[in-house]
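For reference, the structure discussed in these notes is given below.
Laboratory data are not the source of any read-out in this text; all were calculated from the coordinates shown. It should be emphasised that the depicted structure is a prediction, and the values quoted were computed from it without experimental measurement. Ideal geometry is used to build each Cβ from the backbone, glycine not excepted, and the neighbour counts take in all protein chains shown.
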Amino acid sequence: MEKSIYLQKIVKEILSLAGDHFLARKIGQIKFDGTDYPIFIVESRFKNPKSKNIFISAGLHGNEPGSVYAIIKFLNRNGKKLSKKFNLYISPCLNPTGLDMECRYNFKGRDLNRDFRKVRTQEVLMLKKYLEKKKIKYDLALDMHEDNTFYVIEGFSLKDNPRGLYFYEVYRNRKNSDFGRKIVSSFAELFSNLWLT
């Protein structure tokens, strides 16, 4: 493999987050093409039992680097303030080999996003073990992705593709049945073209 963007850039960015407000925990590593790829979780250094617990994952699909760069940039800009209000647990890039190959799948051709029920990948197994060991009830969990807005699905046109922010709510309860729409709506001033589905 040529130069590794993950090892040369992303790992440095992740490790630079560690300090007064965050820990960068190595939860394991995978070996690909003779190279070790460490997998990290960035978490709040000091946890407040009265604060909400938030889990964010990014980089499950290697051809969606925007999620990886976005979460790192977000933490650099807002991490100090947010770590005082919330207990944050962040998986900034679960698929480093896919990132380096610019491929949706990991180095074994597996889609990590489809692997959480019947775990077959080292990456998902590492994350699940970390989460199970922590035994935390998360108040909010976000899985960040990126869409290729120039890829047209048969039966649609380029103008049908979303260009903005949208949410899929996996779980809805009666109390917060419109939670995703409320979050997206709060961004309306920042983004002019939103899909509210």
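Defining a contact as two alpha carbons under 8 Å apart and six or more residues distant in sequence, what relative contact order in percent does segment 1-75 show? Could the numbers behind the result be given before it?
Numbers: 61 pairs, mean separation 17.5, N = 75.
It comes to 23 percent, rounded to a whole number.
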List the trypsin sites (Lys or Arg not before Pro) in segment 1-105 that DSSP assigns to loop (not H, G, I, E or B) and whose Cβ has at most 10 other Cβ atoms within 10 Å. Which are they?
3, 50
What do you get for GluC sites (Glu not before Pro) in segment 1-56 restricted to DSSP loop and a cutoff of at most 12 other Cβ within 10 Å of the site's Cβ?
2
Straight-line reach only, C-alpha to C-alpha below 16 angstrom: list the aspartates and glutamates that residue 81 could link to, leaving out same-chain residues fewer than 8 apart.
20, 43
Over 26 Å (Cα to Cα) among 85/118; 9/108; 85/134 -> 85/118
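Identify the GluC sites (Glu not before Pro) of segment 101-147 meeting these criteria: DSSP loop state and at most 14 other C-beta atoms within 10 Å of the C-beta.
Of the GluC sites (Glu not before Pro), the ones in loops of segment 101-147 whose Cβ has at most 14 other Cβ atoms within 10 Å are 102.
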Between segment 72-117 and segment 11-41, the alpha-carbon center distance in angstrom:
11 Å
Which of the lysines could be linked to residue 159 by a straight reach, that is with a Cα gap under 30 Å, when you skip same-chain ones fewer than 8 residues away?
73, 182
